[in-house]
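Q: Could you have a look at this structure, given as structure tokens, before my questions?
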Amino acid sequence: MLAYVADEAAGGHGGRCRVSVFADGSISIADDGRGTDTRRDPNGRFVKKPVLSSKDIRFFDSSQAQSLPDEHPRRGMSVVAALSEWLVHVNRRESGSWSQRYEHGVPVTDLVQIADDETTGTTVHFQPDRRLLDPQIDLGEIRRLANAWEDLNVETRDLRG
């Protein structure tokens, strides 16, 4: 997830994010970028770029995919969604704000318009599926790895109690 925030920062859009780990083991990443691309379709409905439910063709299955700071190949946010029991994507753009929930990478709600708070950015809050992996969340390691992206400023919060 942080690679997308770093992309926004490198492009001059935002550069700050907060990684929070909650008592239930869920994780959220909130940034101050432009928000996920969301537009009106020909019928006037809002649709957003399907980054959480479809493979990112720039990286997934590509032998040329960039390496992340942990030396794993970049695959895309849909991998995080697929490996999560649930994921909630909140998207704030200048044109409006929306939320959508996913379970194991599949949207289970429509894109729902939410109250605008006059900010932009994306928040992704997810619960890793412990049947598939047991993430050991080390916020110090997250900060260390995030230092690889010079335009990115990462704040961490440990809310596990």
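Q: Express as a percent, rounded to the nearest 5, the fraction of DSSP beta bridges in the chain (both residues included) that run antiparallel.
A: Working: 32 of 39 bridges.
Percent antiparallel among DSSP bridges in the chain is about 80.
Q: Another question about this same structure. Please tell me the relative contact order of the chain in percent, rounded to the nearest whole number, where contacts are Cα pairs under 8 Å and at least six residues apart.
A: Details: 334 pairs, mean separation 47.0, N = 161.
Rounded, it is 29 percent for the chain.
Q: Could you point to the residue in ALA30, GLY12, GLY96 farthest towards the positive end of the chain's charge dipole, with +1 and -1 charges on the Cβ of Lys/Arg and Asp/Glu respectively?
A: GLY96
Q: May I pose another question? For the range 143-151, in order, what is each residue's ³J(HN,Hα) by Karplus, 6.51 cos²θ - 1.76 cosθ + 1.60 with θ = phi - 60°, in whole Hz (x at glycine and Pro)?
A: Here the 3J(HN,Hα) series is 4, 4, 5, 5, 4, 5, 9, 5, 8 Hz.
Q: From the phi angles alone, apply the Karplus equation (6.51, -1.76, 1.60; θ = phi - 60°) to the range 16-22 and give each ³J(HN,Hα) in whole Hz, x where the residue is Gly or Pro.
A: For the range 16-22, the Karplus-derived couplings read 10, 8, 10, 9, 10, 10, 9 Hz, x marking Gly and Pro.
Q: Continuing with the same structure: Based on alpha-carbon centroids, what's the gap between the range 98-161 and the range 19-93 in Å, whole number please?
A: 9
Q: Moving to a separate point now. Which FRET efficiency value, to the nearest 0.05, is calculated for VAL112 and PHE22 with the Förster distance at 22 angstrom and r the Cβ-Cβ distance? Don't skip to the answer; put the middle values down first.
A: Details: r = 22 Å, r/R0 = 1.00.
For R0 = 22 Å, the calculated efficiency reads 0.50.
Q: Translational D (Stokes-Einstein, µm²/s) of the chain at 20 °C and 1.002 mPa s when Rh comes from the Kirkwood sum over C-alpha pairs? Can you show the working numbers first?
A: Values: Rh = 16.3 Å.
Using the Kirkwood radius from Cα pairs, D works out to 132 µm²/s.
Q: What residues have an amide H closer than 5 Å to that of TRP86, excluding those fewer than 5 places away on the same chain, when H is modeled at 1.01 Å from N in the peptide plane?
A: For TRP86, whose amide H was placed from the backbone, the distant partners under 5 Å are HIS104, GLN127.
Q: Under the Karplus relation 6.51 cos²θ - 1.76 cosθ + 1.60, θ = phi - 60°, what is the ordered set of whole-Hz ³J(HN,Hα) values for the range 85-94, x standing for Gly and Pro?
A: Each residue's phi maps through the Karplus curve to give 4, 8, 8, 10, 10, 10, 10, 10, 10, 5 Hz.
Q: What dipole magnitude, in Debye to the nearest 20, does the range 25-161 give about its Cα centre under +1 on Lys/Arg Cβ and -1 on Asp/Glu Cβ? Walk me through the numbers on the way to the answer.
A: Values: 19 positive and 23 negative charges, 90 e Å.
So the magnitude is around 440 debye.
Q: Ok, one more. Using the alpha carbon gyration tensor of the range 1-80, what are the three equivalent-ellipsoid semi-axes (square root of 5 times each eigenvalue), largest first, in whole Å?
A: Values: eigenvalues 98, 70, 42 Å².
Largest first, the range 1-80 gives 22, 19, 15 Å.
Q: Okay, moving on. Show the residues, 5+ positions off or on another chain, whose built amide H is closer than 5 Å to the amide H of GLY96.
A: Amide H neighbours of GLY96: none.
Q: Taking H placed 1.01 Å from N in the peptide plane, check which residues at least 5 places from THR156 or on another chain put their amide H under 5 Å from its amide H.
A: Distant-sequence amide H within range of THR156: VAL19.
Bear in mind that the values in this text are calculations on the coordinates, not laboratory data. Quick caveat, the model's predicted, so the values are computed rather than measured. Ideal geometry is used to build each Cβ from the backbone, glycine not excepted, and the neighbour counts take in all protein chains shown.
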